[in-house]
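Participant: My questions will all concern the structure given below.
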Amino acid sequence: QRSSIAYDSESGRIYFTTKGGYLYSAEVDPQSGALSDLKCTELKMQSTSTPVVYQGRVYFGMGNGFGTGYLTVADAETMELLFRVKMKGYPQGSVLLTTAYETEGYLYLYMTYNNHPGGISLIKVKKDCSKQADAQLIELYDAAGYEEYCITSLICDSEGTIYYKNDSGCIFAIAVPTYQNVIDLINDIGTVSKESEGKVIAARAAYNALDQANQAKVSNY
């Protein structure tokens, strides 16, 4: 068992994963610390990812070695696996979850993965997600010039800057975009084709992150 243990204050239960391929949950006595009502679900893949539990859903990573990997969503009460989203590699760190877009009906989940290029993936899910159609994968950062494997979790400060490292030996600070960043992202789309979706999504997400004053400065909107 290589994950850390997550505590859900709403249910009073703990959650953790194992490299043997299980998601576990248990009740905890707040006085004695004794565990009871142990539940588990077989994943058929290994996991070292520390779960994040929020409003009845468990979010964690699982995979096989350096290749195949998924962000996985389970029901926190029944432990049923609801769906999974395929990523560029095996996500071994913890999910970084933000409620900043909850009023729009979505949760944003940020994760790294243990494969090249070793960047950051964003999984946008509906609050009451129960099927794969409720999720959208966006490659947020590609670690260009510093491509390497990565097993670290992401840390976010109060300004929205995300910090992490990969095996390049570098520490990254990924900040909220400026209007010039958005102009460059739009220019990078080029001629729109069926293959342009990723670049369009990235440009749109960056544009939406700007305040109205900076959105007005995006000359090629």
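The values are calculated or read from the model by the stated rules, or taken from the named source; none is laboratory data. Because the structure is predicted, anything quoted here is derived from the model rather than measured. With ideal geometry, Cβ positions are generated from the backbone for all residues, glycine too; neighbour counts draw on all protein chains shown. All accessible areas refer to the heavy atoms of the entire protein, side chains included, with ligands and DNA or RNA removed. Shrake-Rupley method; radii C 1.70, N 1.55, O 1.52, S 1.80 Å.
Participant: What number of residues in region 162-200 are part of a helix (DSSP H, G or I) and either aromatic (Phe, Trp, Tyr) or over 24 Å from the mean Cα position of the chain (by Cα) (or both)?
Facilitator: 9
Participant: So which of Ala213, Ala203 ends up being in a helix (DSSP H, G or I) and in contact (Cβ under 8 Å) with a residue 12 or more places away in the chain?
Facilitator: Ala203
Participant: Tell me which residues, restricted to region 1-47, are closer than 15 Å to Glu77 by Cα, of a type outside the set (Ser, Thr, Tyr) and not in a strand (DSSP E or B).
Facilitator: Passing the criteria: Glu10, Gly12.
Participant: Okay, moving on. Residues in region 179-199 that are modelled with pLDDT under 90 and open to solvent by less than 70 Å² (accessible area, probe 1.4 Å): how many?
Facilitator: Going through region 179-199 one residue at a time, the tally reaches 1.
Participant: Please go through region 139-155 and pick out each residue that is closer than 15 Å to Val95 by Cβ, surrounded by 16 or more Cβ atoms within 10 Å (Cβ to Cβ) and not hydroxyl-bearing (Ser, Thr, Tyr).
Facilitator: Within region 139-155, Leu140, Cys150, Ile151, Leu154 qualify.
Participant: Please find, within region 60-111, the residue that is surrounded by the most Cβ atoms within 10 Å (Cβ to Cβ) out of those that are of a type in the set (Lys, Arg) and in a strand (DSSP E or B).
Facilitator: For region 60-111, the residue satisfying everything is Arg84.
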